Amino acid sequence: VFVLQLGAIGLAERTARTVLPVFGYGLDGHLVIPVLALTLAPFAFIARSVALFASEAMDRDYIRTARAKGLPEVAIAGRHLLPNILGSTGETLLGAVRLTLGAVVIVEYVLVWPGLGLLGLRALYVQDGGLVVVVMALLGLVFLGLDAALDLLTRRTGVVSG
């Protein structure tokens, strides 16, 4: 977040006008820095992991068999590759959401945004145990919901397990 803020400030100095707001809350340019800060690292994590899962799966016997039968690459990807990397990709997405939720606290603090992460930090600071428990329970429910959704998504029949 801080590096993005410094970049926006440096750009504003060069152009002699404000390009992006570097703090505060709004529904316009105020969203650019937080969205970038919250999505760049998880996106890189997801892209690298999915590429790794796909390259490993492409070396499996069922892919070689499908190629030997003369199936087009699009059909191989749709019928064989994607269903078999769905679970691993879902786990990666869940890990990315965890990264994002962990970074929300920092983004809210640096940009002075009111949110659940900042509320939890303030509750810790003033030692309000009840509020800390509520914030942690809400975040726990989010993770449980995401895990349940992933379980429902990856329950498929006939998929070769890795």
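Computed with a 1.4 Å probe over protein heavy atoms only, the accessible surface of the chain comes to 66 Å² per residue.
In deg cm²/dmol and to the nearest 500, what is the mean residue ellipticity at 222 nm of the chain if only DSSP H runs of at least 4 residues count, each as -39500 (n - 2.57), divided by the residue total? Walk me through the numbers on the way to the answer.
Values: 7 runs with 118 residues, N = 162.
Rounded to the nearest 500, the figure is -24500 deg cm²/dmol.
Treat every Asp and Glu Cβ in the stretch 30-121 as -1 and every Lys and Arg Cβ as +1, leave all other atoms uncharged, and give the resulting dipole magnitude about the Cα centre to the nearest 20 debye.
Values: 7 positive and 6 negative charges, 60 e Å.
In total the dipole reaches around 280 debye.
For a quick protection proxy, order the peptides 111-123, 61-73, 35-47 by their average other-Cβ count within 10 Å, most packed first. Write out the running numbers ahead of the final one.
On the way: 111-123: 16.6, 61-73: 12.2, 35-47: 14.5.
Per-residue mean Cβ counts within 10 Å order the peptides as 111-123, 35-47, 61-73.
When only the Cβ of Lys, Arg, Asp and Glu is charged (+1, +1, -1, -1), the dipole of the chain relative to its Cα centre reaches about 460 debye.
Kindly express, to the nearest 10 degrees and within the range 0 to 90, the angle between helix 32-57's C-alpha long axis and the longest C-alpha principal axis of the chain. Long axis of 32-57 versus the principal axis of the chain: about 20 degrees.
Atom-type composition of the exposed protein surface of the chain places 68 percent of the accessible area on carbon and sulfur (1.4 angstrom probe). A crude spin-label estimate for the pair V105 and V74, with each label 7 Å from Cα along the Cβ direction, gives 4.7 nm.
Specify the angular offset, from 0 to 90 degrees and rounded to the nearest 10, of the alpha carbon long axis of helix 2-15 from the longest principal axis of the alpha carbons in the chain. Approximately 70 degrees, to the nearest ten. Largest mean-square fluctuation among E13, E91, E108, in a Gaussian network model of the chain whose springs join Cα atoms under 10 Å apart, belongs to E13. Against the longest principal axis of the chain, how steep is helix 116-125, in degrees 0 to 90 to the nearest 10, with axes from Cα atoms? Between helix and principal axis, roughly 50 degrees.
Across the chain, the volume of the C-alpha convex hull divided among the residues equals 158 Å³ per residue.
Expressed in nm to one decimal, what extension gain is obtained for the pair Y125 and T15 from 0.36 nm per residue of sequence separation less their Cα-Cα distance? Write down the numbers at each step before the final one.
Details: separation 110, 0.36 × 110 = 39.60 nm, distance 3.99 nm.
Computed gain between Y125 and T15 is 35.6 nm.
Place +1 on the Cβ of every Lys and Arg and -1 on the Cβ of every Asp and Glu in the chain, take the dipole about the Cα centre, and give the residue among A8, G129, W113 whose Cα lies farthest towards its positive end. Toward the positive end, the furthest listed residue is A8.
The values are calculated or read from the model by the stated rules, or taken from the named source; none is laboratory data. Source: prediction; values computed, not measured. Note that we place each Cβ from the backbone using ideal geometry, even for glycine, and neighbour counts take in every protein chain shown. Quick note on the areas: whole protein, heavy atoms, side chains included, nothing else; ligands and nucleic acids left out. Shrake-Rupley method; radii C 1.70, N 1.55, O 1.52, S 1.80 Å.
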